[in-house]
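> Attaching a single structure in structure tokens format; questions to follow.
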Amino acid sequence: MGTQQIILLVINILGELPLSGAIISASEANQADEYSLGRSPASIRPVYTVSMILSALGYFAFIYFILFRLVPMK
């Protein structure tokens, strides 16, 4: 793993920490729906859920490719 890939990994880990802290605090306060979906109608929430899952899977595939499959240039 090259230096640039390690930097990307560190940035991703540091950027994820505040996000997961906000999610945990929101779920503990029973406000997860208010924060994540706002006032969207209940009928459209499954669309948001599916799109969030697909987005996360795409992001993980992208990071995997960048960190483990891409050969950094020197």
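> Determine, from the Cβ-Cβ distance of Val71 and Val50 and an R0 of 35 Å, the FRET efficiency 1/(1 + (r/R0)^6), rounded to the nearest 0.05.
Working: r = 34 Å, r/R0 = 0.97.
The computed FRET efficiency comes out at 0.55.
> In which sequence would Ser40, Ser20 go, from the one with the fewest C-beta neighbours within 10 Å to the one with the most?
Working: Ser40 12, Ser20 9.
Arranged by neighbour count, lowest to highest, Ser40, Ser20 become Ser20, Ser40.
Throughout, read-outs are computed from the coordinates displayed, never taken from laboratory work. Keep in mind that what you see is a predicted model, and the values were worked out from it rather than measured. All Cβ positions, glycine included, derive from the backbone under ideal geometry; neighbour counts span all protein chains shown.
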